[in-house]
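Some notes on the structure that comes next.
The values are calculated or read from the model by the stated rules, or taken from the named source; none is laboratory data. Everything quoted here is computed from the prediction, not taken from an experiment. So basically every Cβ, Gly included, is an ideal-geometry build from the backbone, and we count neighbours across all protein chains shown. Surface areas here come from the heavy atoms of the whole protein model, side chains and all, with no ligands, DNA or RNA. Shrake-Rupley method; radii C 1.70, N 1.55, O 1.52, S 1.80 Å.
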Amino acid sequence: MKHTGTLFLLTLLMLFSCKENKQSYLPASIGPINSLAVVMDSDLWKGEVGDKVREHFAAPVLGLTWDEPLFSINHFPMQSFTGVTRKSRSILYVQKDSLDIAHIKKNMYAAPQNVGVIKGRTDEEIMANLDDMAARMITSFKALEIGETQKRFLKSLNQEGVLEKNFNISLDMPSVYKVGRQEANFVWIDHQIPKGTMNVIAYTMPGDSFSNDTTLVRDIVSMRDSIGQLYIPGPDVPGKTTHMMTEKAFAPNVFPIEVAGKKAIEVRGIWEINNYPMAGPFLTYIIHDDENDRKMVVEGFTFAPATEKRDYMFQLEAVLRTIKFDLTK
């Protein structure tokens, strides 16, 4: 019996070792940020099923100045899904099959990797599965892309420490971001890009702010406009006052979320300059920092005229989501 037990343990150890070795031999996944490899027969891609894929995965990103898709889609017919294509970080695999299933698999051909699998016996079943699973798959793909973006800029981080000093928080951001303005309750950090800037600002509001749901959107707009008037001037225009404000024509999109384990509000919309023709997208997190009886506000916004802004805003989102609180504990 003793020898039998020993043999059983050795067999288990060998099985786990083989599994770990298989995982360790997976190649690194590849691809530009926010790219999605869609693997499906060309007949499906050109028909209603392909339209349904594009409806979900190439839907316009909220809060941009013009329509840009959630993902840059690269279509591959089944017979082309070999070699380097299988190393794509985010993959959507759609197939007409004898099975009616939809799920997400991880690290099938490379790591890290998410593979969304959609199968059905008919076009209608495939499209129903796409409708049911698209939101989950988009969340999964996006989380993977956020993680990859963060991993890429961890190689060289901003070390100025102004956020730690002013608010006892930290954000991981590339070293190309530099502090441009610092006040008692306001920090502005920016990064020069072709034709414009990417910007991160941080400030606090009293802990009891935004307690009235019926006026929430109006209160958020009022907060942003007052901060813009105080700290974010526009170009000099003789006889006119210019400053950042929330675009008047459209209300921003507001969602409840969680950031750094705390309840928060996500705000996506368009900023503009009062009395001057400038505009761009912004993303704001209003975080309930109950331990410090305050609302911690961090925002990313981009100024890049006549330029696609999806990936700029995605990097800013990746930066904002690294926020850490109470660093002295």
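Summary of values
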| item | result |
| --- | --- |
| Counted residues, region 16-46 - those being charged (D, E, K, R) and at pLDDT below 95 | 3 |
| Condition broken by residue 116, with the remaining ones in (1) within 30 Å of residue 205 (Cα to Cα); (2) among the small types (Gly, Ala, Ser); (3) within 24 Å of the chain's Cα centre (by Cα) satisfied | (1) |
| Sole exception among (1) touching a helix residue (DSSP H, G or I) at 6+ places or on another chain (Cβ under 7 Å); (2) open to solvent by less than 40 Å² (accessible area, probe 1.4 Å); (3) among the hydroxyl-bearing types (Ser, Thr, Tyr) for residue 85, by number | (1) |
| Unique match (being under 16 Å from residue 137 (Cα atoms) and either among the polar types (S, T, N, Q) or without any contact (Cβ under 8 Å) to a residue 60 or more places away in the chain (or both)) among 46, 96, 106 | 106 |
| Candidate set: region 176-201, residues that are touching a residue at least 60 places away in the same chain (Cβ under 8 Å) and in contact with a Phe, Trp or Tyr (Cβ under 6 Å, 6 or more places away or on another chain); chosen: the one farthest from residue 160 (Cα to Cα) | 196 |
| Residue in region 43-55 that is touching a helix residue (DSSP H, G or I) at 6+ places or on another chain (Cβ under 7 Å) and under 30 Å from residue 272 (Cα atoms) present | no |
| Test: residue in region 263-274 that is free of Cβ contacts under 8 Å to residues at least 24 places away in the same chain and among the charged types (D, E, K, R) | yes |
| Residue that is surrounded by the most Cβ atoms within 10 Å (Cβ to Cβ), among those in region 156-183 that are within 19 Å of the chain's Cα centre (by Cα) and outside any strand (DSSP E or B) | 173 |
| Residue match in region 111-132 (condition: touching a strand residue (DSSP E or B) at 6+ places or on another chain (Cβ under 8 Å), in contact (Cβ under 8 Å) with a residue 40 or more places away in the chain, buried (at least 19 other Cβ atoms within 10 Å of the Cβ) and polar (S, T, N, Q)) | yes |
| Region 306-329, subset touching a helix residue (DSSP H, G or I) at 6+ places or on another chain (Cβ under 7 Å) and assigned to a loop (DSSP other than H, G, I, E, B), residue modelled with the lowest pLDDT | 327 |
